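Encoded as structure tokens, the structure appears first; notes follow it.
The values are calculated or read from the model by the stated rules, or taken from the named source; none is laboratory data. Predicted model only: the values in this text are computed from it and were never measured. Cβ atoms come from the backbone with ideal geometry, glycine included; neighbour counts cover every protein chain shown.
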Amino acid sequence: MKKYTAIRERAAKYQDMLNQVLVYRETWEKTLKSFIMSTSEKVLEQTSITATIAVEERFENLESITISLGKSISGIAENIDDETKRNIIKDKGALIYSQLFNGKVQAWMTYPLIEGLMQPKPPRMLGIYGPPEFNVNLILGNFDEFFKELIEWENYDDDQPGQQINRIGFGVHHQELDEEPE
């Protein structure tokens, strides 16, 4: 039965992967979820950053932990008339840890957004990790990358060609009207 050796090995590897998914899901529930949350709380405490940590549990085994920096008044206001202004809201971004279908965890981030004045920058994936890869240094590295990206976003200028994050201001939604027809 030599001809079945390779397929038996492949089938055994497949069964091992299915078992690994179960172990990863169990690890998330028993230890990893609380580890990510407590480590995130320590980071926020040590940095004096205000954020909320929330768990999304709508789908079992596809949960996520969101560390949201929240929303605030952006400092920009629309003049409605001589007496009325409408404050523009800024979403400050979030760091998210999401369970994947295979029990691994994806770390990703959303960028700040000034509502109504810009197109959102697509979320950025920071990495996909199996539960055994998680430790304090991994989470600190994710936070470091998150803050690095936020600093770059806040420090936006057009002095560096090719580094434009998002065009901000009036006319960004009507760019095609400014161009001459060919």
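So the values come out like this:
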read-out: Extreme residue, farthest from Val43 (Cα to Cα), among residues of the stretch 89-112 that are part of a strand (DSSP E or B) and touching a Lys or Arg at 6+ places or on another chain (Cβ under 7 Å); value: Ile89
read-out: The stretch 89-110, residues that are among the aromatic types (Phe, Trp, Tyr) and within 8 Å of the chain's Cα centre (by Cα); value: Tyr97, Trp108
read-out: Whichever residue in the stretch 128-154 is surrounded by 14 or more Cβ atoms within 10 Å (Cβ to Cβ) and aliphatic (A, V, I, L, M) and, among such residues, is nearest to Ala51 (Cα to Cα); value: Leu150
read-out: Every pair of residues 6+ apart whose Cβ atoms lie under 9 Å, when the first sits in the stretch 1-27 and is touching a residue at least 12 places away in the same chain (Cβ under 8 Å) and within 23 Å of Glu60 (Cβ to Cβ) while the second is among the basic types (Lys, Arg) and not in a helix (DSSP H, G or I); value: Val21/Lys104; Tyr24/Lys104
read-out: Cβ-Cβ under 6 Å pairs, at least 6 apart or on other chains, the stretch 51-76 side on the phi > 0 side of the Ramachandran plot, far side part of a loop (DSSP other than H, G, I, E, B) and surrounded by 13 or more Cβ atoms within 10 Å (Cβ to Cβ); value: Gly70/Lys92
read-out: Number of positions in the stretch 33-54 that are exposed (fewer than 14 other Cβ atoms within 10 Å of the Cβ) and farther than 13 Å from Gly70 by Cα; value: 8
read-out: Meets criteria (in contact with a helix residue (DSSP H, G or I) (Cβ under 6 Å, 6 or more places away or on another chain) and either among the aliphatic types (A, V, I, L, M) or at pLDDT 95 or above (or both)) for Ala77; value: no
read-out: Total residues in the stretch 56-88, condition not in a loop (DSSP other than H, G, I, E, B) and not hydrophobic (A, V, I, L, M, F, W, C); value: 13
read-out: Subset of the stretch 1-27 (residues that are at pLDDT 95 or above, among the aromatic types (Phe, Trp, Tyr) and either loosely packed, with under 11 Cβ neighbours inside 10 Å or in contact with a strand residue (DSSP E or B) (Cβ under 6 Å, 6 or more places away or on another chain) (or both)); value: Tyr14
